[in-house]
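Before any comments, here is the structure.
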Amino acid sequence: MALTHTHPPSCSVPHDVHREGLPLIHGEGLSRAFGEGKEPVAAVSDLTFGINEGKITAIIGESGSGKSTLLRLIYGLLEPDSGAVRYRGWRVPTPREKLIPGHDAMRMVSQGFDDLNTYANVWDNVASQLPNTDLDSKYGKTTETLQRLRIDHLAKQRIADLSGGEKQRVAISRALVNEPEVLLLDEPFNQVDASFREALQEDIRGIVEKTGLTVVLVSHDPAEVLSMADELIVLKQGRLVASAKPTLLYRFPPNAYTARLLAKSNIFSAADAGTLGINSRVALAVHPEWLELNARPEAGFMVQDVRFKGFYEELLVSNGTLRVIAINPQPGAFPMGTRVDVKVRQYHPLR
Ligand code: ADP
Ligand code: MG
């Protein structure tokens, strides 16, 4: 049957029964805690989710929310306490079930560059991932991968002499040279200068579109992956609190946590909303750019802090009890101490 080739023998679990109709990667009721003996800490709790083929899925959440743990469970590096991960409908072997943990169709690039050989050059770091059985193919694949990640001009340089962003590109090349079906990335842009981050994000997007690669990436800064991801999985204290397309979650955040994480949203209680002239029975998420400020000497709110961001400013505005963050698209228009009216142009009710 055609299914057998998608399920290499080295990645099988004895007596496993194939499940039809699942997304490429499927997690069901996944839980994992740490710390035996004393009170164990739940790193992920009862997670059920799907990850689609040929897409970029970002796992996001504040520090300690279980993102890396989930990534390691997906790859098969960690034993779940309960639940299971399925890849193409087959259960991903856990470390107890596979001699060298890690699913054969996946590659992971973790934080830091522990895998790189610092004193070898870029070419050798990447080529060493391939067997010597076919030297032409080894040469061709290494060349192609370095070109894809735009580091072919660095081939003869030692890793030790590269910038953080260049090292990250080598680490990704190493993972991709074997043509995995899934690339798992843990906070891949941490060590990359802001100015190079977008180029790397674009290149990864390009590879996904060209090759059909599936990417799962972890980030604690959703702003940096909003433009890059096709799907988001939002974790809070090990639990899944939202999952959908970035535009949808940004515009209609289902809870305060997601609104704050994605949009730095102001969360107003029903009473706060009343102060701002909106009649609501539930709390509201109001993104900073959904507020409009108008200077008026007798106004109740005052600009308390101005954070220059280049082509816009983030303003902290308060009336003594209620503090709000607003975006000012015309830097300099509202100096500190300016009295302003705060108008809510748009809001999203939270359950
Ligand atoms: P994130 O990647 O979102 O920052 P992690 O998955 O690394 O979060 O961690 C989630 C929780 O599990 C944290 O409280 C962390 O301290 C704990 N944890 C993760 N790995 C281990 C481990 N190997 N031993 C003990 N605790 C761990
Ligand atoms: Mg982490």
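The values are calculated or read from the model by the stated rules, or taken from the named source; none is laboratory data. Note that this is a predicted model, so its numbers are computed, not measured. Glycine also receives a Cβ, built like all others from the backbone with ideal geometry; neighbour counts cover every protein chain displayed.
Points to keep in mind about this one:
- The residue that is farthest from ligand 1 (Cβ to nearest atom), among those in segment 31-64 that are farther than 18 Å from residue 185 by Cα and hydroxyl-bearing (Ser, Thr, Tyr), is 48.
- Of everything listed in (1) more than 16 Å from ligand 2 (Cβ to nearest atom); (2) over 30 Å from residue 346 (Cα atoms), the single unmet condition for residue 184 is (1).
- Checklist (1) assigned to a loop (DSSP other than H, G, I, E, B); (2) within 24 Å of residue 176 (Cβ to Cβ); (3) within 15 Å of ligand 1 (Cβ to nearest atom); (4) in contact (Cβ under 8 Å) with a residue 40 or more places away in the chain applied to residue 79, failing item: (2)
- Residue 27 vs. criteria surrounded by 19 or more Cβ atoms within 10 Å (Cβ to Cβ) and either assigned by TED's automatic domain parsing to the domain that holds residue 234 or small (Gly, Ala, Ser) (or both): yes
- Any hit, segment 32-49, residues being in a loop (DSSP other than H, G, I, E, B) and modelled with pLDDT of 95 or more: no
- Among the residues of segment 1-26, just one is touching a helix residue (DSSP H, G or I) at 6+ places or on another chain (Cβ under 7 Å) and either within 15 Å of ligand 1 (Cβ to nearest atom) or modelled with pLDDT of 95 or more (or both), namely 25.
- Residue match in segment 196-216 (condition: surrounded by 15 or more Cβ atoms within 10 Å (Cβ to Cβ) and within 16 Å of ligand 1 (Cβ to nearest atom)): yes
- A Cβ distance below 6 Å, combined with a sequence gap of six or more or placement on separate chains, defines the contacts here; from segment 246-267, residues that are crowded, with 23+ Cβ neighbours inside 10 Å reach residues that are assigned to a loop (DSSP other than H, G, I, E, B) in the pairs 259/253; 259/265; 265/287.
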